[in-house]
């Protein structure tokens, strides 16, 4: 038996040696030979092309590199090594599963492809491709994470699935979940040359499907060597963007139904723009980026080793702008180039490159994402960002001799400015090293409640109201934020898997602060969304807004808002809701009318909220011109006239305001206007049933208005024809024939007042019925007014330095054009003179105003104080002067047009600089109001609002002694007495200010308790009122508006009692009395608004006939014995039927007054009646004469 085992061992060893030898012999060539590099075509947005790039054919057997790694399916890499190296070769994985949408069965053998472009300047494409396994799964591995790539799935018999995927953060795997393919219509596109008829290989086809008001990309397809490409698409309206090398792209619109589509596309050969790029020494610049762009088309490439570039495929009729840039050089370019231009020479000036690094001053670690700013002589020279190693690089022009560098970064104090001297030759410039200090810091650790494990990636924001600082926790849950200031702040902890955690009034001292946090996971809201037939609705937006959570206001209001979309089964789930809080849950889409429910979230179990949505009305149509040609880019706008009471199902509809508010809360677009597409089509969806007014307009065409009713009968189709209006064009010239630019030309309709019954009706007719148009003069003085409706018009021009010009009348008809209406301005008469101060010195930069016959011309004095004002007509003229820092002493004179040597005098003022101690801009607007009174006379001589910059502001006063008062929304009134001001001198005042008390008002609707946004709140202080029948009076302090969360803050209030009046257009006005405020504290109140009462009726004469245009007024007197105030008043006129109506009236007793107009048009009191109005009540009160 030994010989048997000995022979078997020899045989196996010989076979092993022979197999290894054969393997190396077969693979020797492939080991030595480099794979062929083949880039691919350009993307749809950039549409760039490289003349040196060859387009690959997207076939599995061509130019693929199979990586020797274990995978379920073979993965192939396409494209050149350079482009593949950009995003291939990493450890990232993209995975998912492909299923059939109707049956939910897995799809085997579907092609999954991830593709990308090298950069915006290079047409070189690459891709990673694989196919799905038996269970429909795919796995694209070996990816280096990037900002975005194109991902596409194709399978014969199905519509292509396309998505732009983003890889963010430090994750190494991205799941696309289940991708469901729909059955698609086969589409074949064959691309050929329009002249030779030969197929164009590697043509690129982008498909865009109409979606709502826009177009969505549905795939990118590359043709084969025979110029054809087949794929599947869902039925609908499409356009294809088709391009090929050396051929400009075209758009092809097509409607795809259930039958197969074959398109034969012929592309015209394009033009060529070529040239050479050199440096200052005429040496070629290799690798420079060459880019041409025109309206709707762009091409890009790089220069070769000889500096040559070629851009092929230009439109012959377009003009292109050429831009050249390269690292280490200043950019350059050429404008208005046409196709077939060769031999261009573009010279790039050399630049100096500054290299450096930014490090942490304490640890010496590099600081990434820091910004380094460069300045020279107060001129901004740009900025650079540090990379992960803290390094930066920036290019400067050779004309810069010195530069100042400043580094800044989140969580750090800004560095000290570093000034560097740049040598003339710029050679061997040393690296610049900058350091950043943390300064005052806040730090801590964030853990999960219950488990105690650290939480990574928590967003932390320190909010000082006027400024905020942010960072994220690291792997161990710790964080540190530097560069803070001292004070009291709110600190927010936000993570996608936990509820928002906020810590109020965190004190940060000079030594910093330490703050740890525990995050809780919160509750869930879940449910199903269906239509009225019970069919599950996919893609419906569901949002939940907390109504009784602690308000965070401003940028943090979305932290209490949850949002998700329903899946294919109509199900949704909202996580991390605050337990035991009430949420408004809103479901809707652009097609379905949004619905709303309320729910209290529980911590242990999901809170169920299901919706049944009703499909809204739809308006569709087309816009054509008079010849029946479709008009694109026409603006179509709708207004709601009336909403019908019920839907076909008998359910009461929401108001347009409520529906808009719900869509806004859910983040659903609810635009009231769209632009017509290339085929003239437009559409609106998800509308309430009722009456609408449609307005359609477009440049050069006359606006068209239509009224339309929307009901349950399906989409309302419309066909709108726009008529082309008249055109007036010409030039505006000066008296010497030079063009006048930047001047408005106004065209006004000539209104005949003889047909008006009286001056009042004439005013109304002129205001509402007369038309006007305007145009702006270009650099060459040309103007053009289009879309003019038929009528008589007059041109009016008011240009500074010229007399007012009128031209006309001009009779304009439909589609009529008046060319070469050149208008010459008349300089008219002038006045001139000199402006001096009290010492006789000329005043430079003073503004001179010459007022005459309601018009005004102006000029500015020169260095010698001289001025000339032109454009005057014969007659009297009032000349005045104004200059900051001067008193207008003897600054106004009466003169005759044509006068010379007018003398104007200004008296130099003194400057008062205020420094407000303890001022915080975050507590209100950065404005204060300053009053100045003469100490000797007590007369007010100055009253003005001024802007505060870092707690400082300046005012100018005449010389003398003053008592000053400072008031502001965020500071208590402060008085400074006996301030001496001298001419030409600066007086600095350091003024301690008191932030005062605050009223925090939350405005809610009375019934639903929903926040009422944009409510207007007037704040009055109740003050003693001596010498009157009432002990107190109301002194108006300020007015504020509520934010979207219904909250408003009045700050800088003195201690005392206050009175609020609250208005909002959809609610009745209400008041809040006797609100006690203490300085240094905040008083929180809740204001409830109701819809108010309604008062209506008719005014008839003795014969029972309606009285038109009678004046009706209502007034609510408020009297409580302590103070008297006119709480509410309003007025209206009766209609042609004699009817009047008042809505949203506060409850109370009203005085109703009737006034009638006599033969002279004057109104006289006729009748008075008292009525009682209750909240939400309706009162009818008829009046008879």
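The values are calculated or read from the model by the stated rules, or taken from the named source; none is laboratory data. Note that this is a predicted model, so its numbers are computed, not measured. Note that we place each Cβ from the backbone using ideal geometry, even for glycine, and neighbour counts take in every protein chain shown.
Okay, here's what the table says:
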item	result
Residue identified as farther than 30 Å from residue 470 by Cβ and either assigned by TED's automatic domain parsing to the domain that holds residue 289 or touching a helix residue (DSSP H, G or I) at 6+ places or on another chain (Cβ under 7 Å) (or both) among 395, 401, 335, 376	335
Matching strands (runs of 3 or more DSSP E) fully within region 1018-1098 where at least 3 residues are under 39 Å from the mean Cα position of the chain (by Cα) and under 20 Å from residue 970 (Cα atoms)	1032-1041, 1047-1053, 1056-1064, 1082-1089
Some residue of region 558-567 being assigned to a strand (DSSP E or B) and at pLDDT 90 or above	no
Tally, over region 304-329, of residues that are at pLDDT 90 or above, buried (at least 19 other Cβ atoms within 10 Å of the Cβ) and either outside the structural domain of residue 291 (by TED's automatic domain parsing) or assigned to a loop (DSSP other than H, G, I, E, B) (or both)	1
Hits in region 465-481 (condition: closer than 26 Å to residue 386 by Cβ and modelled with pLDDT under 90)	467, 468, 469, 470, 471, 472, 474, 475
Any hit, region 990-1008, residues being within 21 Å of residue 956 (Cβ to Cβ) and in contact with a strand residue (DSSP E or B) (Cβ under 7 Å, 6 or more places away or on another chain)	yes
Region 171-214: number of residues that are in a loop (DSSP other than H, G, I, E, B) and surrounded by 17 or more Cβ atoms within 10 Å (Cβ to Cβ)	6
Test for residue 1143: is it closer than 25 Å to residue 1012 by Cα, surrounded by fewer than 18 Cβ atoms within 10 Å (Cβ to Cβ) and not assigned by TED's automatic domain parsing to the domain that holds residue 1011	yes
Residues (in contact (Cβ under 8 Å) with a residue 60 or more places away in the chain and either outside any loop (DSSP other than H, G, I, E, B) or touching a helix residue (DSSP H, G or I) at 6+ places or on another chain (Cβ under 6 Å) (or both)) located in region 524-539	524, 525, 526, 527, 528, 529, 530, 531
Set 1074, 1025: member being within 27 Å of residue 1093 (Cβ to Cβ), outside the structural domain of residue 1176 (by TED's automatic domain parsing) and surrounded by fewer than 20 Cβ atoms within 10 Å (Cβ to Cβ)	1074
Subset of region 859-894 (residues that are touching a residue at least 40 places away in the same chain (Cβ under 8 Å) and farther than 22 Å from residue 798 by Cα)	883, 884, 885, 886, 887, 889
Failed item in (1) assigned to a strand (DSSP E or B); (2) in the same structural domain as residue 843 (by TED's automatic domain parsing); (3) in contact (Cβ under 8 Å) with a residue 24 or more places away in the chain; (4) under 42 Å from the mean Cα position of the chain (by Cα), with residue 856 passing the rest	(3)
Residue that is farthest from residue 619 (Cα to Cα), among those in region 708-723 that are at pLDDT 90 or above and assigned to a strand (DSSP E or B)	722
Number of the condition not met by residue 245 [criteria: (1) under 31 Å from the mean Cα position of the chain (by Cα); (2) closer than 25 Å to residue 326 by Cβ; (3) assigned by TED's automatic domain parsing to the domain that holds residue 209]	(1)
